[in-house]
Amino acid sequence: MLSIRGHVLRMAALAWPIIVAELGWMAMGLVDTVMVAPLGKEAIGAVGVANILYDTFGIFALGLLLGLDPLVAQAFGAGRPEEANRHLRQGVWLALFLTPPTMLMALSLPGLMTSIGVQPPVRALAGPYIDALAAGTLPLLLYAAFRRFLQATGRVRPVMVALVLANGVNAAANAVLIHGAAGIPAFGVAGSGWATAIARLFLAGWLLAATRWDDVTALWSQGARWAGPHAADLRQLLRLGAPAAGQIGLEIAVFGAATMLAGRLSTTSLAAHHIALNLASLTFMVPLGISSAGAVAVGQALGRGEPGEAKRAGWVAIGFAGAFMTLAGAAFALAPGWLLGVFTRDPELVAIGAGLLRIAAVFQLFDGLQVAATGVLRGAAETRLPMVANLAGHWAIGLPLGYYLCFGRGMDAAGLWAGLSAGLIVVAVLLVWLWWRRPLRPVAS
């Protein structure tokens, strides 16, 4: 039995490479925003709208692969690496099956922007950007499958290295494709989308190599053949992954809906919303990484038949996330102008964005608690109740309240953020209570 200090040290060792990887993932979006910013407010708004809309569908598909977390972690913790490998193979098949419908939904998004009233200059720039993101769908989903597998087996450094290198690929491709160089024409905002697709192709290739070359968790273990789709395994993967996808999809979609509502405001308010959301998303990457580490620690402990250790590991993850986000909230409250200055010097943008960051300071702690609790529950194969909590908090409370405050009370984008903050508080309270009360047991193999 580990002491609390032992759990803290183990969690820190597991979490920090995943945190770096999550920050690397977020950095690609930030680089896109910074590099298109000289093209104007419409370009910033277009990248924000395009990313949040694509993520609503793309991350739902990615979320279906989250069922790999408990299946692989518990199999590996129980000393059954062949079973863990089998689950990965089925994850790859699922990624292949999900690619066509995800691409079709992404390609329908320009029409959706028209129907919900996004301003024409923003729509014109966002459409080609979305086309480029759609082209990178298969690499994105394969990357997700390989990453879930490597993390669940405790091999997190290849994921970290992949994201660090992919940022270099993305930045270089952005510089060439946005503005043109060496005979390549300037593609503007669309060039940033193609840079993201190229970076995702790099990520998939790097993690494929990592799963192939690891002697313990090789994708093609000695004597094993590549198996075709297996209905029972795919059903089990989807049984766990579908609620997890629903949970993450509901969370992404509520921010997507808020962005669409912000698109009905002025261009300045939309750009301020996007920049502030980028900063809030950046801090969120740290507890998101802790959440993934918590899922692995809980899953492996349950695989070893140690539910008490799993519970303690989960509380350590929740505590880590809450402590970091308390510090992040203080930074948002005390230095919003300095943070916004990284993106823009426009005084009107900074003024609106500073108000949004002060609201974000209130919900930082609760955002950290809810994502960490979601992760440790996922490690225990509980994925349905986090989805229900997100539905109640974000969609029954947060978004309706935000809409009322924004348009009914005339609070502009600040009203949207106040409503979202209320929703996050509700979700956090529900999920931490659920972790406290839920008995833990391994998933059936």
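The values are calculated or read from the model by the stated rules, or taken from the named source; none is laboratory data. What you see is a predicted model, and the numbers here were worked out from it, not measured in a lab. Please note: Cβ atoms are built from the backbone with ideal geometry, for glycine as well, and neighbour counts cover all protein chains shown. Just the protein is used for accessible areas: all its heavy atoms, side chains included, with ligands, DNA and RNA removed. Shrake-Rupley method; radii C 1.70, N 1.55, O 1.52, S 1.80 Å.
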Kindly check whether there is at least one residue in region 382-403 that is open to solvent by less than 40 Å² (accessible area, probe 1.4 Å), within 26 Å of Ser291 (Cα to Cα) and among the polar types (S, T, N, Q). yes
Just to check your reading of the model, which residue among Thr268, Thr326 is part of a helix (DSSP H, G or I) and either open to solvent by 20 Å² or more (accessible area, probe 1.4 Å) or not polar (S, T, N, Q) (or both)? Thr326
Taking region 416-445 and keeping residues in contact with a Lys or Arg (Cβ under 8 Å, 6 or more places away or on another chain) and surrounded by fewer than 20 Cβ atoms within 10 Å (Cβ to Cβ) leaves Ser445
Members of region 190-203 found to be among the hydrophobic types (A, V, I, L, M, F, W, C), in contact with a Leu (Cβ under 6 Å, 6 or more places away or on another chain) and open to solvent by 10 Å² or more (accessible area, probe 1.4 Å), listed by number: Trp194
Scan of region 1-32 for residues that are among the β-branched types (Val, Ile, Thr) and at pLDDT 80 or above, ordered by number: Val8, Ile18, Ile19, Val20, Val31
Just the residues that are surrounded by fewer than 18 Cβ atoms within 10 Å (Cβ to Cβ) and free of Cβ contacts under 8 Å to residues at least 24 places away in the same chain, please, taken from region 332-350. Leu334, Ala335, Gly337, Trp338, Gly341, Arg345, Pro347
What's the number of the only condition in (1) more than 23 Å from Leu208 (Cβ to Cβ); (2) modelled with pLDDT of 80 or more; (3) surrounded by 23 or more Cβ atoms within 10 Å (Cβ to Cβ) that Leu133 fails to meet? (1)
Residues being open to solvent by 30 Å² or more (accessible area, probe 1.4 Å), within 17 Å of the chain's Cα centre (by Cα) and closer than 16 Å to Gly341 by Cα - total across region 1-45: 1
Any idea how many residues of region 114-133 are more than 20 Å from Gly188 (Cα to Cα) and either of a type in the set (Asp, Glu) or assigned to a helix (DSSP H, G or I) (or both)? 3
